[in-house]
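Single-structure report; data block below.
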Amino acid sequence: MYYLNVFLLYAVIGHLFESVIYLFCEGESGILYGPWTPVYGIGVALLYLFFYFMKKKKWTRNQILVGEFFIGFFLLSFLEWVGGHLLAYFFDTVFWNYEGLPFHVGKYISLETAFVWGILSSCCIAFLKDPLDKILKKIPKFVTFVFLFFFLLDCFMTGLHKMKLSIFFFPFF
């Protein structure tokens, strides 16, 4: 239940983060209609899992921060690459393109953004994990399931609409 709460919370935080960024530049956050960007939830849930294993192996705080930087650098870049390709394949859309950056690696990843993911990963563990854990551990299961229901409903409805299938199921949309 804990990691599901992490996923849902950080999907919302990620959406807010991108929405703030897009106030200053062109674009929009995510493909879903609701206030969540799932790749952030997936990424942070995986970061938390790696953090748990590093703590279990008795890594020092500095080792954990450096480890989280490199995990964020590589893992979140990989998630961004996979997400970009999945969006292009299933929805025939490109939400971001880093080919204009000097150190891009294809269309969907770049060293510049990988570095940002590494820094944000370390900051997430250093500054957000402990305060947010106090909230996450108090969320009742019922609330988690309600949010999960709305998230899955959003995924379903977005998928139908973006793939032009909603007319068959919900002709009034």
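Just to verify a result, which residue in the stretch 25-73, among those that are of a type in the set (D, E, K, R) and assigned to a helix (DSSP H, G or I), is nearest to Gly159 (Cα to Cα)?
Taking the candidates together, the pick is Glu68.
List, please: which pairs have Cβ atoms under 9 Å, are six or more places apart or on different chains, and start with a residue in the stretch 104-119 that is touching a residue at least 12 places away in the same chain (Cβ under 8 Å) and assigned to a strand (DSSP E or B) and end with one that is surrounded by fewer than 16 Cβ atoms within 10 Å (Cβ to Cβ) and of a type in the set (D, E, K, R)?
As it stands, the answer is Ser110/Glu99, since those pairs meet every condition given.
Based on what the data block shows, is Ile139 modelled with pLDDT of 90 or more, surrounded by 14 or more Cβ atoms within 10 Å (Cβ to Cβ) and under 17 Å from the mean Cα position of the chain (by Cα)?
No: the conditions fail for Ile139.
Could you say whether any residue in the stretch 81-94 is over 23 Å from Met157 (Cα atoms), touching a residue at least 24 places away in the same chain (Cβ under 8 Å) and in a helix (DSSP H, G or I)?
yes
Is it true that Tyr3 is over 25 Å from Tyr89 (Cα atoms), outside any loop (DSSP other than H, G, I, E, B) and touching a helix residue (DSSP H, G or I) at 6+ places or on another chain (Cβ under 6 Å)?
Against the criterion (over 25 Å from Tyr89 (Cα atoms), outside any loop (DSSP other than H, G, I, E, B) and touching a helix residue (DSSP H, G or I) at 6+ places or on another chain (Cβ under 6 Å)), Tyr3 qualifies.
I'd like the full set of residues that are within 18 Å of Leu136 (Cβ to Cβ) and either surrounded by fewer than 18 Cβ atoms within 10 Å (Cβ to Cβ) or modelled with pLDDT of 95 or more (or both), limited to the stretch 26-40.
Once the filter is applied, which keeps residues that are within 18 Å of Leu136 (Cβ to Cβ) and either surrounded by fewer than 18 Cβ atoms within 10 Å (Cβ to Cβ) or modelled with pLDDT of 95 or more (or both), the stretch 26-40 yields only Pro35.
The values are calculated or read from the model by the stated rules, or taken from the named source; none is laboratory data. Since this is a predicted model, take the numbers as computed values, not measurements. All Cβ positions, glycine included, derive from the backbone under ideal geometry; neighbour counts span all protein chains shown.
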